[in-house]
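What follows is a set of notes on a single structure, which appears directly below.
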Amino acid sequence: MTRRHLTLLCIAALALSWPWLPEFTVTLFSYIALYSLVAAGLVMLTGVGGMTSFGQAAFVAVGAYATAWVCTSPTAAAALGGVVPAPLLPWVGLLFGLLLTFLVAWGLGAITLKLSGHYLPLCTIAWGLSLYFLFGNLEFLGGQTGITGVPALTVFGVSLASPRALGPLIWAVLLLALWALHNLLDSREGRAVRALKSGRVMAESMGVDTARYRVKVFVLAALLAALSGWLYAHLQRFVNPTPFNINIGIEYLFMAVVGGSGHLWGAVLGATLITLVKEQLQDLLPKLLGASGNFEVIVFGLLMLFVLQRFAEGLWPTLARVSGRFLKPQPVKPAKAIAALDARTLPAAGELLLEADRVTKRFGGLVANNAVAMTLKAGEVHALIGPNGAGKSTFFNMISGVDDPTEGEVRLLGAAMTGKPSRDFAARGLGRTFQHVRLLGNRSVLENVALGAHRRGHRGWIASMLRLDRAEEAALLAEARRQIERCGLGAHADAPAASLALGQQRVVEIARALAGQPAALLLDEPAAGLRHLEKQALAELLSQLRAEGLGILVVEHDMEFVMNLADRITVLEFGAVIAEGTPAQVQSNPRVLDAYLGGSDEEPMAVTA
Ligand code: ADP
Ligand code: MG
């Protein structure tokens, strides 16, 4: 039995037993599905995308109030001109709620998602509270009393008035949503969303417009919450502000985190556990303590502490590990078709790729780069060396769009790049690796490398959710595998990136850069942490890439490696170029010898070339 079989079995069991379950259980299961829908959105937003929100309850409220208002308000009836028959009103309410949520979430997201660190979660609390009080104070939404008389949903003439009738629809919506989200995560767009978590710089360098993706995930999570609100309004048949307060917003986040915020099924697990435990505690505690009061909140809080202490990743990974012992792995289906990826015509050898024109960077009073001029041509390896703090990494940031020069200009394949984001550098043909490795540690090497090919594919979110992207996805993965094998890591393609040695992780970064088919490749200390034989293999790979016409700019401390490989060397000291030339010229330059032997903490230059 595979995991998919088990899932289908559970769904079938629930479906078959549904007519015979007690009323109370049916209601409970319906609520669990409603909560799971919101928590699944939070898994995408928080667990996968790395943005914490305490304010999801407010979007549930938008969905619930929108349909309640459309279905009951005379104003709404007048606005619709009486042309919509009553059974269709909830569906108008759904469209209205989703549209409203889309607009509100996009607006809020565009403003607040720029914030980083703890400012974003604080902001979500702020608008969670404001929306909650807004609903309580709007006269036409019934104030604190809310709106009663919300009609039942009617589907094909069948009225879904009871939880037993509506529950299957709620579960169907949840399962469809999980399927779509699962597909999304298993696609090019999903990889881009995952990349958000490991920071803006890396994702942008792979060509991902991070600001846009952040807003899109935020809107997606909000829409799922609104969908849950719509179903809730027609299950409960009345709406008031109480179930949308900030406590509930926090509880949704608990569900996602306790279940395992990195896993979609974790949302369902978390929603189930928290709903059941709260239910039990509410019954049990007053009996045990012989007094009534909100004891369950206290015990619940303590339980939460325990779970988060013991299972930092949530409960799902543990459950998956245990069940994994009894389940067969899901067989991977080969793709039926393979699409063609975008390919670029690489510049001819000797052509000018990258040009830094008197690039200066000041950090306050410190001049990290002082009028640095340098070029990189197709078909050469150009090394940038210099003692620690000389300004090499700063220069890398200037020529890859991570940071803007204070003065001077950077040109890439003839185009002025000043002020452009690094994804534009990537689009024009720049690939890079990082001094401090930036990989998604718990994703496979293959997925990490496929991210590098991000901008060579085009299928969007909807196509990914509906699995219409399979041919393109197969091509992206095939390209990733090709680059991994070329870099000598074929045996590790399916292992989590974090399980590799640090030196190998650097090579994974090279493969990731190559998947983007760059014309110019920037490598920040690629040989650090590699063993002797691995260094030789890396040097061979870089020579081969050079022969294919790539221009490679490399920062490296291993002088033997540099001297054997580089065609030209530029030496930086205190932010300024002190020498430039062939390895032989640089090695005999007195200023260079002075810089390296005169009290710096670097390796001396006296290495045989
Ligand atoms: P290298 O990579 O050659 O070791 P860096 O480019 O990292 O050197 O640093 C060059 C100088 O600029 C150092 O003195 C460093 O402290 C300073 N520096 C680098 N980044 C910043 C920053 N964001 N703010 C202030 N100073 C910085
Ligand atoms: Mg550095």
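The values are calculated or read from the model by the stated rules, or taken from the named source; none is laboratory data. A quick note: this is a predicted structure, and the numbers were derived from the prediction, not measured. We place every Cβ from the backbone using ideal geometry, glycine too, and count neighbours over all the protein chains shown.
Out of segment 306-336, which residues are within 27 Å of the chain's Cα centre (by Cα), surrounded by fewer than 10 Cβ atoms within 10 Å (Cβ to Cβ) and farther than 26 Å from Val277 by Cβ? Pro329, Pro331, Val332, Lys333, Pro334, listed by residue number. In segment 412-423, the residue that is nearest to ligand 2 (Cβ to nearest atom) out of those that are surrounded by fewer than 17 Cβ atoms within 10 Å (Cβ to Cβ) and within 18 Å of Leu352 (Cα to Cα) is Thr418. When restricted to residues that are touching a Leu at 6+ places or on another chain (Cβ under 8 Å) and of a type in the set (Val, Ile, Thr), segment 105-131 contains 1. Give the residue, chosen from Gly290, Gly301, that is surrounded by fewer than 19 Cβ atoms within 10 Å (Cβ to Cβ), more than 30 Å from Ala222 (Cβ to Cβ) and out of contact with any helix residue (DSSP H, G or I) (no Cβ under 6 Å at 6 or more places or on another chain). Going through Gly290, Gly301 in turn, just one is surrounded by fewer than 19 Cβ atoms within 10 Å (Cβ to Cβ), more than 30 Å from Ala222 (Cβ to Cβ) and out of contact with any helix residue (DSSP H, G or I) (no Cβ under 6 Å at 6 or more places or on another chain): Gly290.
The residue that is nearest to Arg362 (Cα to Cα), counting only those in segment 407-450 that are small (Gly, Ala, Ser) and in a loop (DSSP other than H, G, I, E, B), is Gly419. Looking at this structure, is Val193 part of a helix (DSSP H, G or I), in contact (Cβ under 8 Å) with a residue 24 or more places away in the chain, of a type in the set (Val, Ile, Thr) and under 20 Å from Leu37 (Cβ atoms)? Against the criterion (part of a helix (DSSP H, G or I), in contact (Cβ under 8 Å) with a residue 24 or more places away in the chain, of a type in the set (Val, Ile, Thr) and under 20 Å from Leu37 (Cβ atoms)), Val193 qualifies.
This table checks each residue for (1) touching a strand residue (DSSP E or B) at 6+ places or on another chain (Cβ under 8 Å); (2) part of a helix (DSSP H, G or I); (3) under 26 Å from Val508 (Cβ atoms); (4) assigned by TED's automatic domain parsing to the domain that holds His382.
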position	(1), (2), (3), (4)
Gln544	no, yes, yes, yes
Val554	yes, no, yes, yes
His557	yes, no, yes, yes
Glu560	no, yes, yes, yes
Ile569	yes, no, no, yes
Val577	yes, no, no, yes
Val586	yes, yes, no, yes
Val592	yes, yes, no, yes
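Scanning segment 244-286 for residues that are assigned to a helix (DSSP H, G or I), under 14 Å from Gln56 (Cα atoms) and of a type outside the set (A, V, I, L, M) yields Phe244, Asn247, Gly249, Glu251, Tyr252, Phe254. Return a yes/no flag: does segment 392-411 have any residue that is more than 15 Å from ligand 2 (Cβ to nearest atom), surrounded by 20 or more Cβ atoms within 10 Å (Cβ to Cβ) and of a type in the set (A, V, I, L, M, F, W, C). Scanning segment 392-411 turns up at least one residue that is more than 15 Å from ligand 2 (Cβ to nearest atom), surrounded by 20 or more Cβ atoms within 10 Å (Cβ to Cβ) and of a type in the set (A, V, I, L, M, F, W, C).
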